[in-house]
Amino acid sequence: MRGPKRCLPYCHSYCSFDSQHRAEGATSKSSQGQFPLTQNVTVVEGGTANLTCRVDQNDNTSLQWSNPAQQTLYFDDKKALRDNRIELVRASWHELSISVSDVSLSDEGQYTCSLFTMPVKTSKAFLTVLGVPEKPQITGFTSPVMEGERMQLTCKTSGSKPAADIRWFKNDKEVKDVKFLKEEDANRKTFTVSSTLDFLADRNDDGAVVSCRVDHESLNSTPQIAMQVLEIHYTPLVKIISSNSWPEEGQSIILTCESKGKPVPEPVLWTKDGGELPDPERMVVNGRVLSISFLNKTDNGTYRCEAKNPIGRNSTEYVLIVHDVFNTLLPTTVIPSLTTATVTTTVALTTSTTTSATAISTRDPNALAGQTGPDHALIGGIVAVVVFVTLCSIILLGRYLARHKGTYLTNEAKGAEDAPDADTAIINAEGSQVNAEEKKEYFI
């Protein structure tokens, strides 16, 4: 603390004479060349601001802090303004530091540090007070919302200075397409900001968390967040799941009807081909599950599952096709060998028959899959008939060729040697047709 010779300047006029006297008596050239050093200060509303004024070289020259209204706060180590929020931090010939606690927006402005030399040297420090935004609130949501309806959610916060920034998120994913509005408050210092999120309600949004986040420099990287959980009502979504992808006769199948909706759908309704289930003893419904035992061909058809809730109803269909029992132990030789014939035309006919039979046997493997002994006998009978017809055809063809192979007359041998020319030989041959039967040859 300095000596008691300092006067208490409750106003500028009170100490003007003393300040002038000391300024005139100052003999140090270095002190007269010095300027006080200050720094701008930023503080959050309700916080504490520290104002510091320094002088590198000073020869007992007084320092003073005054507020934006030019009221003296401290003159050296003497408090001049009766304000319990203002306290002395440090007072020496080279420094005068004070603190202002519980800072309000009205404290913002330009503060002056004065060094009482001749002339008086001053330095300015601007105190910036940040207005803290209020906790945001989300409005506009009415639960529940029907699928397809338009939703408008508004997030609003007041008291920020400067104006705060609002961002929207849906399940931690930021939504960019929003509207932003900024308004100045009645005190003409702070701002009220609002943002509107506009979208169509979708079933995928049911249970989603929509959050509104307020960012501001006064929040020290800890944003304020308001959240809203969406509740969307929608018609059921229906799907049938089969336990057997290739149902065969004698087997069982389980059809499960999965339905998802909000509110939760009522018990599902099973029908077959537009009517009730025809065989309740084998077709058992347990909740959403339809079980069919001992499948047969009469079970083929379209099965329909329908689910409904207060919002609406929906359905889906499943086409059941029961296949013949597939027998993996098929005989290796189904058609006997037909290559015993020796005639060329018979081989071609046999090959054509074999190909046709093979095509018939391979076109529908399911047709052979369920057949047993009697089916093989039937095939053997058909093949025997084909062989018999073929052999008969061969015999008839041979007899026909043998009988109609043709006869020829040896005209040239009959007197051709005696004919002087070809024309005479032909005339002689025509006269000899009476005895042509004697010149026939038979080939058997």
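The values are calculated or read from the model by the stated rules, or taken from the named source; none is laboratory data. Every value quoted in this text rests on a predicted model; they were computed, and no experiment measured them. When we count neighbours, we look across all protein chains shown, and the Cβ atoms used for this are built from the backbone with ideal geometry, even at glycine. When the accessible area is computed, the model is the full protein with side chains, heavy atoms only, and any ligands, DNA or RNA have been set aside. Shrake-Rupley method; radii C 1.70, N 1.55, O 1.52, S 1.80 Å.
Cβ-Cβ distance of Trp246 and Ser393, R₀ of 51 Å, FRET efficiency by 1/(1 + (r/R0)^6): the value works out to about 0.70. Here the stretch 49-163 exposes an accessible surface that is 45 percent carbon and sulfur, computed with a 1.4 Å probe and the other protein chains kept in place. In this structure the stretch 132-236 gives 56 Å² per residue of accessible area when probed at 1.4 Å with all protein chains present. Ordering 274-285, 42-53 by mean Cβ neighbour count within 10 Å, with the highest value first, yields 42-53, 274-285.
A dipole drawn for the stretch 90-216 from +1 and -1 charges on Cβ atoms has a positive end, and of Met151, Thr192, Ser92 the residue lying farthest that way is Ser92.
Couplings for the stretch 251-263, taken from phi via the Karplus curve 6.51 cos²θ - 1.76 cosθ + 1.60 with θ = phi - 60°, read 7, 10, 9, 10, 10, 10, 9, 8, 10, 10, x, 9, x Hz in order; Gly and Pro are left as x. Between Glu184 and Ser143, the simple label model (points 7 Å from Cα in the Cβ direction) yields a spacing of 4.0 nm.
In the context of the full set of protein chains, the stretch 240-321 has a per residue accessible area of 57 Å² (1.4 Å probe).
Going down the table (Lys239/Lys262; Lys79/Lys189; Lys179/Lys262; Lys173/Lys260; Lys78/Lys121; Lys135/Lys170), which pairs top 22 Å between alpha carbons? With Cα atoms farther than 22 Å apart: Lys79/Lys189; Lys179/Lys262; Lys173/Lys260.
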